[in-house]
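Q: Sharing a structure, written as structure tokens. Questions coming.
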Amino acid sequence: MSRVVDVNGIGIEYQVTGQGRPVVLLHGFPDSGRLWRNQVPALAGAGFQVIVPDLRGYGRSDKPEAVEAYSMTRLAGDVTAVLADLEIGQAHIVGHDWGAGLAWVLASLAPGHVDHLVVLSVGNPVTFRRTVEQCEKSWYMLLFQFPGIAERWLSDDNWANFRRAGHPDADQVIADLEANGSALSGAGTPVVLATMRAASSRIGMLLRCDARRRMSNASASPQLEWAMMTPLACSIIGMDSSRASSRA
């Protein structure tokens, strides 16, 4: 079942499948809710009510042009609005890639809405405050801060650099981006890059990753307020491509 919830004038489309304990699946960059097409029937068959939103800027949800429209607090608000629309107080939250970053933030800002937290491929954002290595691994976030350059880097030569990253569904993702307006907004700025610019600017220290300034800038920057998280009370499972870890 497809539904749309209005969040301060922004339409967020989401799919609901099955009945039972609710679980919300949050996709990453540059995917849409389609990412979870193989997991949805399995979870529904296991007795879960599976809720899959297209996050703002992606898929069939609205795509505001302003970078500020994609702040993590607004994205977290979109998820809580979906839950409220379904009259659900608490759900399991599963996030992949950029959606995992949002899942961490949601668990911090709205802990009462999160039953269990599952994060795939992305660790806690406070890692950016602690290690230069994480900044190095996330170099692409720095690249995405430069309008025009990032757009060309991603899409030139039939999206060669994007294809080179090894997305398993690259052709379909590119087709979706070009067809539904996520690739380019009316102002000529890719909306999916607006989401990344807003999210990575909240990390802030991507532009100042040297060890001497790392901790002082992180603690002083209001852009990092969402990442300076208190310990989470929910059970957490974190997984990447080579290992899994959990904390109760």
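Nothing in this text is a laboratory measurement; each read-out follows from the coordinates by a stated rule. Keep in mind it's a predicted model, so treat the numbers as computed, not measured. Reconstructed Cβ throughout: ideal geometry from the backbone, glycine too, with neighbour counts over all protein chains shown.
Q: Could the peptides 101-112, 11-22 be put in order, highest first, of the mean number of other beta-carbon atoms found within 10 Å of their residues?
A: The peptides rank, most packed first, as 101-112, 11-22.
Q: Quick one: Cα centre-to-centre distance for region 136-173 and region 33-95, in angstrom?
A: Centre-to-centre distance over Cα atoms comes out at 24 Å.
Q: Using amide H atoms built 1.01 Å from N in the peptide plane, name the residues 5+ places from Phe29, or on other chains, whose amide H lies under 5 Å from its own.
A: Those lying under 5 Å, H to H, from Phe29 are Trp98, Gly99.
Q: What ³J(HN,Hα) values, in whole Hz, does the Karplus curve 6.51 cos²θ - 1.76 cosθ + 1.60 give for region 6-17 when θ = phi - 60°, with x put for Gly and Pro?
A: In residue order, the calculated couplings are 8, 10, 6, x, 9, x, 10, 8, 8, 10, 10, 9 Hz.
Q: Pop a pseudo-label 7 angstrom from the Cα along the beta-carbon direction at both Gln172 and Gln19 and give the gap in nm to one decimal.
A: If labels sit at Gln172 and Gln19, their model points lie 2.9 nm apart.
Q: If you don't mind, there's one more thing I want to ask. What residues have an amide H closer than 5 Å to that of Gly11, excluding those fewer than 5 places away on the same chain, when H is modeled at 1.01 Å from N in the peptide plane?
A: Amide H to amide H, under 5 Å and 5 or more residues apart or across chains, Gly11 pairs with Asp62.
Q: Considering only DSSP states other than H, G, I, E and B, which trypsin sites (Lys or Arg not before Pro) in region 1-46 qualify as loop sites with at most 16 other Cβ atoms within 10 Å?
A: The qualifying sites are Arg37.
Q: Moving on. Do any GluC sites (Glu not before Pro) in region 64-107 lie in a loop, going by DSSP, with at most 11 other beta-carbon atoms within 10 Å of their beta carbon, and if so which?
A: Qualifying residues, ordered by number: Glu87.
Q: Can you bin every Cα-Cα distance in region 80-164 into 10 Å intervals starting at zero and give me the percent of pairs per bin, rounded to whole numbers?
A: Bin by bin from 0 Å, the calculated values are 15, 34, 28, 20, 3.
Q: Let me ask something additional. What does the charge dipole of region 25-134 about its Cα centre add up to, to the nearest 20 debye, if the Cβ of each Lys and Arg holds +1 and the Cβ of each Asp and Glu holds -1?
A: Dipole size: approximately 180 debye.
Q: Residue by residue through region 31-47, what is 3J(HN,Hα) from phi via Karplus (6.51 cos²θ - 1.76 cosθ + 1.60, θ = phi - 60°)? Round to whole Hz and write x for glycine and proline.
A: Running phi through 6.51 cos²θ - 1.76 cosθ + 1.60 with θ = phi - 60° gives 7, 9, x, 4, 3, 8, 4, 7, 7, 4, x, 5, 5, 4, x, 8, x Hz.
Q: Starting from the 7 Å offset along Cα-to-Cβ, what nm value, one decimal, do you get for the label separation of Ala165 and Asn8?
A: Spacing of the two 7 Å Cα→Cβ label points: 2.7 nm.
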